[in-house]
Amino acid sequence: MKKGQIDISFSMIFSVILIVLIIGVAFYAISFFLNLSECNKIAFFYNDLKEETQKAVKSAGYRDEFKKILPEKIEWVCFGDLKAESDRKYDSIKEELKRYSNLDKNVFVYPSRKACDSNLAYYKIEDVRINGFFCVENEQGEVSFLIEKESSDKEVEILNE
């Protein structure tokens with residue numbers, strides 16, 4: 001062996017490559033499961049909202065604050081018809097969501113591209129009346145708004161506090 005030359009065996013090189021691959025796969029798996037957890041939070045939000053509105057429909061009168069956790073990457077939850085009039089402060093949000101305007105949906109998350117590759121960007125809640133179009137801000141991972149039903153109503157109303 002000459003001076004300054006290092007003798008590394010094939011098994012040593014293979015071991016280093018194997019360690020690098022294992023670490024890479026571990027990081028990928030961790031990021032995958034963290035993203036899956038955030039997708040579940042959005043899906044649970046829709047499911048809990050559906051259950052709460054059905055509970056309100058079945059009651060004689062109902063008024064309660066709906067408060068749920070969403071991933072912080074979701075900035076807004078919007079309600080209503082995308083073609084309806086709304087406050088001008090929601091114009092940029094409606095502009096992005098308008099691609100869903102031909103779908104029969106009434107709940108949207110913004111930015112939609114961060115809703116699990118847009119797979120959970122929208123949802124349809126049944127037996128709900130929403131006046132116009134409005135959005136509720138996700139503040140530190142939590143969204144809250146009112147669900148209300150008068151005794152004479154057949155539909156539940158979602159209100160921006």
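Readers should treat all values here as calculations from the given coordinates under stated rules, not as data from a laboratory. Predicted model only: the values in this text are computed from it and were never measured. Cβ placement follows ideal geometry from the backbone for every residue including glycine, while neighbour counts extend to all protein chains displayed.
Scanning region 142-161 for residues that are among the polar types (S, T, N, Q) and in a strand (DSSP E or B) turns up just one, Ser144. Considering region 101-141, and only residues there that are assigned to a strand (DSSP E or B) and over 11 Å from the mean Cα position of the chain (by Cα), the residue that is nearest to Lys55 (Cα to Cα) turns out to be Val128. Reported count of residues in region 51-67, each being within 19 Å of Glu142 (Cβ to Cβ) and either surrounded by fewer than 16 Cβ atoms within 10 Å (Cβ to Cβ) or out of contact with any strand residue (DSSP E or B) (no Cβ under 6 Å at 6 or more places or on another chain) (or both), is 4. Restricting attention to region 69-118, the residues that are within 12 Å of Phe134 (Cα to Cα) and touching a residue at least 60 places away in the same chain (Cβ under 8 Å) total 5. Among all positions in region 57-68, there is at least one residue which is farther than 17 Å from Ala121 by Cβ and of a type in the set (Val, Ile, Thr).
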